[in-house]
Structures are given as C-alpha cells and as structure tokens.
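Inspection log for the structure reproduced underneath, given as structure tokens.
Where a number appears in this text, it was derived from the coordinates with a stated rule and is not lab data. Everything quoted here is computed from the prediction, not taken from an experiment. For neighbour counting, all protein chains shown are included, and Cβ atoms are generated from backbone atoms with ideal geometry for every residue, glycine included.
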Amino acid sequence: MAGQGLGFPQRYNPMFIQSDLRFWKDYDLVPGTSLSSGKVLATNGDNIAQDNEIGPSGNKSFGLPILQRHPADDIGREYDWEYTAAVQHEIIQGISVSATWYRRDTYNMTKTTPTQYLPSDYNIINIANPLDGSLIPIYNISLAKRGLLDRIDTNSTDSAQRSLNYHGFEIGTTGRFRGATFFGGWTMDKRVLVHCDEIENWGNLPGAPSPLYPAGLTNLNQQTAKSDYHYCDQARLGVPFLHEFKLSGSYLLPRYGIQVNAAFQSYPGAQLPTRWNLTNSTRYPADCKGPCTPGGLVVPNLTLANYVVDLTPPWQDTYLRQNQFDLGFRKLFRVKQYTFSAQADIFNATNSSYVQTQLVTLGPTLGTPTKILQPRLLRLAMQMRF
C-alpha cells in the first residue's frame, strides 16, 4: 500500500504559498476601456505598471484560503502488485552469480478532474513546431473559465487510460578470490506511464500540477509528427530499457598492508526534452519550419499567462551516459594498544565534467549546462581506536 503519512492531508491544505503570473503591457488605454478590450492609444513607455495596464489573474481565488483541490469521498489508497523471480548459483567456490526479474503494477491511481469546466471549454489551436514544422495542438481555455481551478481527486478505473508499470532484469555477481573481494551488477529496466484520462496537462494551470506528473513535463494531448499516438501514452512511444552497470571491489596488498578500493558506475542518460514556454507575445523564430510566419505571433490570444509545450517526444533525445570511477586507499597502523587508520579517497578520479542537467527551453540559452558532475575530489581521513 502507498505510504500516506502527512502527505495526504498536506495535499489538500488550503494554507499554501501561492503565486500569480500576470500580463503587463506598457500602454495608454482608450478612456473607459480595459486592457482585455484591446483598445489602446499607444505605448507610453514610462516603465511603470499602472493598474489599468496589468492583465487579469489566472486564479480567481488567488490569495484566499480556498481549497482548490479536494479528494472524493470514496477515494482509495493506491497500491502495487509486485512479482519477483530470482535464481542464484555458485560457479566456483567463493564466486556466485544471480539473475532476477521484477514486475510492478500500480492500481487505484489518482487522477485530477476539473469541476468547473469541460473539454468543450477549450479552444484547440494548432501551432507549428519550430523544429520540424509538425502541428501541435494548444488547448486554450475560454475567457469565461479562466482562473477557475477547483478540481477533485478520484481513483482511475480504466487501466487503458491510466496505468503505471515497471519491468526490470538484473544480473549480479559477488565473490572472494585470491585476497580480492568484489561485487557488481548490470540492470536493465523501464517504467511506463499512461495518463490519458485528464483533459490536458495540469502543469499548464497555475498552482495545479498533476499528482503524478510534475508541472510542465509534457502536454498530455500533443501528437507526434509521425503518428496519432499521444504523448500521454508512453506504452505507444517505445520507451527504451535503460542499462545501468556497477562494479566495486577491494584488494589488500600483502607486502604493504594497504587496502585498495575501487568502484566503477555507469548510468544511462536521462530524458532530454526540448520545451517551448509560450506567452501571448511569443513569436516564431526567423528560421521556423512548416505552416508558420517567421517573426509572427504564435498564439496572440493565449488565455493563460504562459503555456509549456514539448517540442520533442519523450526519449527522442537523452543525456549522454554518466561514467564515474572512484578510488580509495586505506592503511592500518598499530602502536601499543592504539590502532590508527589512515584513508584517502579520490572521487571522480578521471575528473569527468559530465553535464547532469541543462536548460531545455527553446531560446538562446537552450543547452546551457546548469549542473555538472563534481570535479575530482580528494578526501583524507584519520581515525584512532583503543
């Protein structure tokens, strides 16, 4: 059963930090009109945000302790069924290998449904993908329903529309051989999520991320350029198996009494999407492809303050593999009743500058690294026991 603790009531706590993203256009308005009417005289350019220049809120309950998300009376706890099969065999004395298969299926998954509008309240606008010219549907909420965020959490009952499963295979080895001790393993696994029973990505609604998908991670109803498959159905997107390898061991140098430790880790590259953060002032790039106007506004009548859209399907691009080698040395000294231990550890011994995260939003900063693997680090330690 899924552990709840304080997480469940905290999810529905009306006392939470809120933020609101608003439009601001530095315009002079025709007397007696509002910014939404579009009747402006000219840009005044005073760089001061007057009240009549600030657009409407995207959250009509902003700043109020009003519960915007609540559980259904009969909501149940999520639970898993997990299946495991393993075999282990000693090849020779002191060395064994094992093989394990895992499968896990999640049930009673939580879905979030709006209570104040329907799919018919969306206006579908097809925009051109600036990378390849394919059409991407944008789900623009009607002005009358903008800022209404009341929603309810229920359990999904249709496994074809919402499911989560994990498949994994693992081969491992452990052993002692001629003074050396080692263990390692190779894992091949994948996690497949289907979440097609929501109207659209709650990450594009302010303060309302999906309970199982982080805000802005993908636009649920997008279609790929080559098929009718929805991004929300990862089972039809060819999610690959990810391969992870680890090997570590130690060896005592008999002549010097020094223990040498070494570890090698190889991790698969994470998903590397390319996203477009749209506002009503976003323009197509000069080299855009497909049915677009270079320099033209993409969605000039966009209702939300911003709208995040994925330009590439999941797993089309990934980070490079991360390989890391660590090395350590340990020596024991005995002086009368005292035992001293001196140790030196070298992390990232090859001084790899692997890029762990980078900016993924379309624009001049696309691809800029934001986090890299910590450079080579030497740690010295001494202990005394008696």
What spacing in nm lies between the two simple spin-label points modelled at Thr154 and Ile171, each 7 Å away from Cα in the Cβ direction? 4.7
Nearest 0.05, what FRET efficiency do Asp26 and Leu359 give at R0 = 30 Å with Cβ-Cβ as r? 0.60
In this structure, the FRET efficiency calculated for Gln50 and Arg104 from their beta-carbon separation, with R0 = 56 Å, to the nearest 0.05, is 0.50
Excluding residues fewer than 8 positions from Lys60 in its own chain, the lysines with Cα under 29 Å of it are Lys25, Lys39, Lys111, Lys145
Paramagnetic label zone (point 7 Å from Cα along Cα-to-C-beta, Phe241; backbone N under 11 Å) in segment 159-186: 167-171
Output for segment 231-274: chymotrypsin sites (Phe, Trp or Tyr not before Pro) sitting in coil per DSSP, at most 10 other Cβ within 10 Å, listed by number, reads Tyr256
Qualifying trypsin sites (Lys or Arg not before Pro) in segment 116-199, DSSP loop, other Cβ atoms within 10 Å at most 11: Arg178
Spin-label zone in segment 321-352 - amide nitrogen under 19 Å from a point set 7 Å from the Cα of Leu380 along the C-beta vector: 327-334, 340-349
Where only alpha carbons of the chain are counted, the Rg and the Dmax (Å): 27.8, 94
Highest GNM mean-square fluctuation among Val194, Val299, Val335, for the chain with Cα springs under 10 Å, belongs to Val335
